[in-house]
Amino acid sequence: MTSVLVHVLLGVVSLTLLHTGAEAQMCATITMMQENVNDYMGNFTADGAIRMDGLDVTFEFDIAPKSVSFWDGKIAKVDDTHYRMTNDLFFETGVYVSFHFQVTYTDTKPNVIAIDMAGQDVCDGTFGFTTMEPYTNPCAPTGMKKYDYAQALCESFLFYEAQRSGHLPEDQRVSPWRWDSALDDGSDVGHDLSGGYFDAGDHVKFGFPMAYTATVLAWGLIDFAEGYEAAGQTDYGRAAVKWATDYFLKAHTAEYQLYGQVGKGDTDHAFWGRPEDMHMTRPSWKIDREAPGTELACETAAALAAASIIFKEDDPDYSAEMLEVAKELYAFGDEYRLEYHKSITDASNFYRSWSGYGDELLWGALWLYRATGDDTYLTKAQEAWDEFNLAEDALQFSWDDKKAGAYALGSMVDPDNTMYADALKAFLEYLKNDAKYTPGGLIFLDPWGSNRHAGNVAFISLWAAKYGDPADADANREWAEGQIGYLLGDFGHSFVVGFGVDPPSHPHHRSSSCPIPPQSCLHHDWGWTQPGPNPHTLFGALVGGPDNSDTYEDKRTDYQHNEVACDYNAAYTGCLAAIIEKK
């Protein structure tokens, strides 16, 4: 039988509930599916911004039926004409409900004349399907050339809004198809762990790459602030960072405790549907003294320290709170050293830090020094540099390996220590002279997320063009703009969903690939194999990218080349702001 569908709804369109009273005719929200001599099957449908703590619907019949069947939960006979149907799935902010039921009778057909759902009469047909407004791009073109970098920057923050988990704010711009979700996260451990970002095309909240994303977004807001201001995107950028940092503050539940993942990778990946439709168990995973995780603690410290800088003037109390937690987390990661995937074991198949934790000890210390001016952190950075030989083997900049980012940051905050500037220069020369490229000109550092890696190192090069050796500025800028140009369309098509010429329309992304109710990936022929474009345009999302020969297909099933992720957009977003500064 068709399962009960219950979906979180923001109440974008206001609905009027009309009380019909008892009438000897079938409620308008009941559709007859099948009728026989002494029984019928009906379908009940309703939606609206009603609070529901689990499904609880009571039918009133005009005459007593012989029996009523409900397959998707429990049914109880209240009296001869009232039957109550319940389902223990938990929902909070609103519902879309559809289920089948069967009624048997002896002579006269019993009609459903009143329906109580969550304390409201939903019998009248005016309480029917919500008409959702079409989702159109809220980021207007600006006319900027060669590409509309300002529009692309605006759209990148639309992507982050689409990745939001938890209770969505009133100013959420993708609300026509993204609703509240995962509000019960953390209930298994007695903490509110709602919020934060879904990682990629899935719905796990992986704390390690989320923290990297927040750090790099904040870095761009700090060092390319003029570009953000010129594009009118500063507030959206801060909101994107704050969505992550609010979650990190929730996840830091004690001095030596940090929740670093919600959801189980394999279980989550087996579900193709909207996050609003999730009913699987979402376990919460943490690090603490008994099971530490240095990379996770120190990267989250870096994110909070960097964010404290961007909020220092406008929200000093919030800034100070983040900075104190950043200090605690760095001390935790430094004192109790262990690779975090050994404690949060589920992360090992998805975001294991292959580079080890030395780069996070360096990176976190440099960000804490920049935020505090406390020389203790420069000493910590030097100790990490020496202990882990961090001047060597920087071949990329990513959620895993922060060395190249530390070279840049260190050359700014500790200019008298030439080891940082020297390492940065060597890294940039490697990118230009020794790294592999596709025939079309994309630097090819990794077959997984090749576009992401190109955007990451382009950010380092653009940063060096502004803050590094002036003699290399033009070459660094030109090289980086060439990499961003490839992503935006130089190779004949865009790699950014909803932007430019022939952009991707089939990204490997569950939420945007599923229609909103009454259709569903769970109950219709939708999902990752349906041939058409995703029903919702995931504006601003940078897809994984081509292989080493520039080959790329816009296929939802090709997660290596067509998935999206929060970390994919982080440095790319800063690159757009850096380019805007010079336009």
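The values are calculated or read from the model by the stated rules, or taken from the named source; none is laboratory data. In this text, all values refer to a predicted model and were calculated from it rather than measured experimentally. With ideal geometry, Cβ positions are generated from the backbone for all residues, glycine too; neighbour counts draw on all protein chains shown. Please note that ligands, DNA and RNA were not included when accessible areas were found on the heavy atoms of the full protein model with its side chains. Shrake-Rupley method; radii C 1.70, N 1.55, O 1.52, S 1.80 Å.
Descriptive notes on the structure:
- In segment 144-202, GluC sites (Glu not before Pro) in a DSSP loop with at most 12 other beta-carbon atoms within 10 Å: Glu170
- For the chain, Cys298, Cys566, Cys575 have no disulfide-compatible partner, since no other Cys C-beta lies under 4.7 Å from theirs.
- Most to least packed among 429-439, 381-391 [average Cβ atoms within 10 Å]: 381-391, 429-439
- Sorting the segments 141-153, 181-193, 567-579 by their residues' average number of neighbouring beta-carbon atoms within 10 angstrom, most packed first, yields 567-579, 141-153, 181-193.
- Inter-site label distance for Trp71 and Ser187 at 7 Å from Cα along Cβ, in nm: 2.6 nm
- Spin-label model, Thr86 to Lys145: label points 7 Å out along the Cα-to-beta-carbon direction sit 6.8 nm apart.
- The base-10 log of I(q)/I(0) for the chain, evaluated at q = 0.08 Å⁻¹, reads -0.58 [Debye formula, identical scatterers on Cα atoms, solvent excluded].
- Gln172 sits among other residues whose Cβ lies under 10 Å from its own Cβ, and their net charge, with Lys and Arg +1 and Asp and Glu -1, is -1.
- The per residue volume of the convex hull around the alpha-carbon atoms of segment 148-218 is 115 Å³.
- A dipole drawn for the chain from +1 and -1 charges on Cβ atoms has a positive end, and of Ile516, Tyr340, Leu249 the residue lying farthest that way is Ile516.
- Net charge contributed by nearby residues that have their C-beta within less than 9 Å of Thr281 (K/R +1, D/E -1): +1
- Computed from phi, the 3J(HN,Hα) profile of segment 214-219 under the Karplus parametrisation 6.51, -1.76, 1.60 (θ = phi - 60°) reads 5, 4, 6, 4, 5, 4 Hz, with x in place of Gly and Pro.
- Qualifying lysines (Cα of each under 20 Å from Cα of Lys77; at least 8 residues distant if same chain): Lys66, Lys109
- Take every pair of alpha-carbon atoms less than 8 Å apart whose residues are at least six positions apart; their mean separation over the length of segment 295-396 yields a relative contact order of 30 percent.
- q = 0.10, 0.12, 0.14, 0.20 Å⁻¹: log10 I(q)/I(0) that the Debye formula gives for segment 255-412, counting C-alpha atoms only: -0.39, -0.56, -0.73, -1.21
- Basic side chains Lys and Arg get +1 at the Cβ, acidic Asp and Glu get -1 at the Cβ, and with that the dipole of segment 394-479 about its Cα centre reaches some 280 debye.
- Per residue accessible area in Å² of the chain, where ligands, DNA and RNA are left out and the probe is 1.4 Å: 38 Å²
- Largest accessible area first, the listed residues Ile113, Ile75 line up as Ile75, Ile113 when surface is computed with a 1.4 Å probe on the assembled protein chains.
- Whole-number percent relative contact order across the chain, with pairs defined as alpha carbons under 8 Å at least 6 apart: 13 percent
- Rounded to the nearest 500, the helix-only mean residue ellipticity at 222 nm of the chain stands at -11500 deg cm²/dmol, with each DSSP H run of n ≥ 4 adding -39,500 (n - 2.57).
- Whole-Hz ³J(HN,Hα) from phi, Karplus 6.51 cos²θ - 1.76 cosθ + 1.60, for segment 461-471, glycine and proline x: 5, 5, 4, 5, 4, 8, 10, x, 5, x, 5
- Phi-based couplings in Hz for segment 420-427 (Karplus 6.51, -1.76, 1.60; Gly and Pro marked x): 5, 5, 5, 5, 5, 4, 5, 5
- Given charges at beta-carbon only (K, R positive; D, E negative), |dipole| of the chain in Debye: 880 debye
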